[in-house]
Amino acid sequence: MRIQRIQTKPHLDESEQVDLSLLVPLVQQYKNKRGNTIPLLQGIQNAYGFIPIPAMEWVAENTGLKLSDMYGVASFYAQFRLKPVGKIIVKVCHGTACHVQNATAITEALEEELGVKDGETTVDRVFTLESVACLGCCSLAPVMMIGDNTFGKLTGKQAKEVIRDIREKENGSGCEH
Amino acid sequence: MANKQVIVGLGSCGLAAGAGKVFDAIESIKKEKNLDFDLKKTSCIGMCFREPLVEVIDETGSYIYGEITDVKAAEILEKHILQNSPIKEYVVKTEVFDTKDKGFFEGQIKIALRNCGYIDPESIEEYEARKGYNALKKIASEKITSEVIIQNVLDSGIRGRGGGGFPTGLKWRFAFNNKASVKYIICNADEGDPGAFMDRSVLEGDPHSVLEGMTIGAYAIQASEGWIYCRAEYPLAIKRLNIAIDQARAKGYLGNNIMGIDGFNFDIHIKEGAGAFVCGEETALMASIEGERGMPRKRPPFPAESGLWKNPTNINNVETFANIPWIIINGPSEYSKYGTEKSKGTKVFALTGKIKNGGLVEVPMGITIRDVVFKLGGGIIDDKKFKAVQLGGPSGGCIPEYLADTVVDYDSVNATGAIMGSGGMVVMDETTCMVDMARFFLDFTKKESCGKCTFCRIGTQRMLEILTRITEGNGLETDLDTLIELSNQIKNSSLCGLGQTAPNPVLTTIKYFRDEYEAHIRDKKCPAKNCKPLLKFEIIEDKCTGCMLCKKVCPVNAISGERKLAHLIDQALCTKCGMCMSKCKFVAISKS
């Protein structure tokens, strides 16, 4: 069945509040338009990085959509996340070409480097490690994508180095603040 | 004298290989040294294995340089631009002299990919300069009727390039015959087959050809609105489509009374997919546009009768639409002269896997698989033994080496048990385990099954469990029969193409590689030395120098031994990670 991400934590930490005002323009734009469920959910995800249940409830109340329909759609598509994710999402391609070129080794190396399993987020909420079906860069297999950057013809070692570089930059920018 | 041109390939594959850096380097050198040439961008020419690519055009012709770094780019600017002497050893394609990659282009006929790698995809003027929108202009100026266009498409013999292989002209006729007042046209750009990327390449490299094809389709079936349903995983394609749609609206190729044709109003919207393979199925795709879970619906009624929001709808694939303007300009007979009796024209294939020249090729239907792999593809990496090609993605099957003289057309490929699919061709060598491949695809379809039909939902799960246990050395004698029985039940009782074809990878590998399954089940051996639980790593005493390197890298401390004495692997502890083997400098570790 369609991928269900592992739910290791409740949807939202009690301490975190959802700023519902972010949703006002979104609801204005899509209210009463046909086929609006997916764009609304995409909008919620853009605002928070994932889809908090209170946000879905608020949108349901203010658009007349059924909460159960929204949840059904949100849990169907791989794109929608029902729990918070890291700031940086590391997508490792597991398409056919990448599989043949040993994408498993890339995921294993990253699991080691990040200290999390596939589908999980690091404790500091910086990285989320994910497997994806196909990024369409098959001739450069194995491939991973971080943000809009694609890294091709990887080895486990190179994948680890990419993560270390990003971590260094993250730490660097942290000092400036 | 015209200016020299320097053109950098900035498709997704080029960017992944570092073309962005190369472009920046060239731009800064140009500024710094005040060089006189035009710096341009294009997309992928299909030669992914030589990315990043930089083309230099001077008065003597075009030279495409491959595997360019910022250092090499600086060299090229110095020698070729300033001193007029091309650097021969970096050139991968030119008409001026022979290159070692010449074979990659021989035998290719570019129709769908006619502009990819030749134009800046973000410039409508460059598309127009290569006969872009001429088909639409021709329709307007010669007052060609819908019926004639449909007849042209029918005569060209083009069949749906998304995998189904249904004659496009017929599909259009069904939609045309429905006289409802509101009709829609949809472009299926939800290219989900792992191992296929031709649609991405067309959308990124020549988005206007798809828009023009859709507009012609809309005119033919009299639709007023169009959607492009594009995977969210293709951000660059979506960006370029948006640019192209704005440009086309501004120039009047989209909008009201297009090209002065009274009453021909048509506009196109982009719908971003949300990540579900099953949405490539046309009824699931429409459910997704309507904002619902992407679950297939029963057919009939077919989309031409009752599609999007219950209105008559016509759906074609990206590659199909990209061919349409060419057919209208050049005529159907020009198209149908390529191909075989029942499969006309050309087809784009994505060559990947254990192949030297991985990339996109467009070849006439009827070429043999062997020619694609060896003549265009350059053969197998490290000249290992060619074992099979996987055609058609998770719905397709594996064609073994001894059937490599099969010609590629819809019917010949179907006869092997595989399908043409969207044209992903994954090449496998002797180190690829066919049982593991079957397991890989089942894992994919199991995850992507929408859950509507019981046999697809639970059957794929059961099949995956059986395949997994075979690859772990726990297979049972009865497993192959169970797999075949389950396969047939899933095929017979699933509503949509996903379920009906999900067992194909398993059935074809059992058909052609039964001995490999039996080796896993009976002898607990993986002939391709791929399935980890069945492997045994051993140190060859005579060759081991006792350097202790393997001992150090072993993550589970399974290796023992003193300096300068032969080491030993404790099989009970060994996790078969293979680290020792990859580190050993003396080839003293064997895998069996």
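Take the Kirkwood radius over Cα pairs of segment B:434-523, plug it into Stokes-Einstein at 20 °C and 1.002 mPa s, and you get 169 µm²/s for translational diffusion. Between segment B:1-77 and segment B:485-562, the alpha-carbon centres lie 43 Å apart. Computed 3J(HN,Hα) for segment B:392-402, one whole-Hz value per residue from the Karplus formula 6.51 cos²θ - 1.76 cosθ + 1.60 where θ = phi - 60°, is x, x, x, 9, x, x, 9, 9, x, 3, 6, glycine and proline marked x. Name the residue from B:Thr508, B:Leu476, B:Ser449 whose Cα lies farthest towards the positive end of the charge dipole of segment B:411-517, charges +1 on Cβ of Lys and Arg and -1 on Cβ of Asp and Glu. It is B:Ser449, whose Cα lies furthest towards the positive end. Calculated mean residue ellipticity, 222 nm, chain B: -10000 deg cm²/dmol, from DSSP H runs (n ≥ 4) at -39500 (n - 2.57) each, averaged per residue and rounded to 500. In plain terms, chain B is cut at each of the chymotrypsin sites (Phe, Trp or Tyr not before Pro) found in a DSSP loop with at most 15 other Cβ atoms within 10 Å, and the longest leftover piece is B:98-585. Starting from the Kirkwood radius over alpha-carbon pairs of the protein assembly as shown, derive D by Stokes-Einstein at 25 °C in a medium of 0.890 mPa s and give it in µm² s⁻¹. Translational diffusion coefficient: 88 µm²/s. Across every direction, the projection of the convex hull enclosing the Cα atoms of chain A has a mean area of 11.9 nm².
Averaging Cα coordinates gives a centre for segment B:400-431 and one for segment B:114-128; these two points are 32 Å apart.
Expressed as a fraction of 2.2 N^0.38 Å, the C-alpha radius of gyration for segment B:124-335 is 0.93. Subtracting the Cα-Cα distance of B:Asn3 and B:Asp38 from 0.36 nm times their residue separation leaves 11.9 nm of extension gain. For a Förster distance of 35 Å, can you work out the FRET efficiency between the beta-carbons of B:Lys543 and B:Arg514, rounded to the nearest 0.05? FRET efficiency, B:Lys543 to B:Arg514: 0.45.
For the residues of B:437-446, the average number of beta carbons from a partner chain within 10 Å of their own beta carbon is 2.
The share of C-alpha pairs in segment B:96-142 whose separation exceeds 15 Å stands at 61 percent. Each residue of segment B:493-510 was assigned a 3J(HN,Hα) from its phi angle through the Karplus curve 6.51 cos²θ - 1.76 cosθ + 1.60 (θ = phi - 60°); the sequence is 10, 9, 6, 10, x, 4, x, 4, 10, 3, x, 3, x, 6, 4, 5, 6, 5 Hz, with glycine and proline shown as x. Model label points for A:Lys87 and B:Ser336, set 7 angstrom from Cα along the Cα-to-Cβ axis, are 6.2 nm apart.
Summarising the amide proton neighbourhood of B:Lys4: residues at separation of 5 or more, or on other chains, whose placed amide H is nearer than 5 Å comprise B:Asp38.
Averaged over the residues of peptide B:286-296, the number of Cβ atoms from other protein chains lying within 10 Å of each residue's Cβ is 5. For chain B, averaging the sequence separation of C-alpha pairs within contact (under 8 Å, six or more residues apart) and dividing by the residue count gives a relative contact order of 11 percent.
Evaluate E = 1/(1 + (r/R0)^6) for B:Phe97 and B:Val148, where r is the Cβ-Cβ distance and R0 equals 45 Å; express this FRET efficiency to the nearest 0.05. So the FRET efficiency works out to roughly 0.45. The C-alpha atoms of segment B:5-103 occupy a region whose extents along the principal axes are 37, 29, 19 Å, arranged from largest to smallest.
Taking only the alpha carbons of segment B:346-429, we obtain Rg and Dmax values of 11.1, 33 Å in that order. Per-residue Karplus couplings for segment B:132-147, computed as 6.51 cos²θ - 1.76 cosθ + 1.60 with θ equal to phi - 60°, are listed in order as x, 6, 5, 5, 5, 4, 4, 4, 6, 6, 8, 6, 6, 7, 4, 4 Hz, Gly and Pro entered as x. When the C-alpha to C-alpha distance is required to be over 19 Å, the pairs from A:Lys160/B:Lys529; B:Lys4/B:Lys30; A:Lys91/A:Lys117; A:Lys31/A:Lys66; B:Lys354/B:Lys491; B:Lys564/B:Lys585 that qualify are A:Lys160/B:Lys529; B:Lys354/B:Lys491. For segment A:88-172, the convex hull drawn through the C-alpha positions has a volume of 75 cubic angstrom per residue. Translational diffusion coefficient of chain B (Stokes-Einstein, Kirkwood radius from Cα pairs, 25 °C, 0.890 mPa s): 94 µm²/s.
Quick note: the coordinates plus some simple rules give every number you see, no bench work behind them. As the structure is a prediction and not an experimental result, all values here were calculated from the model. Using ideal geometry, Cβ is built from the backbone for each residue, glycine included, and neighbour counts are taken over all protein chains shown.
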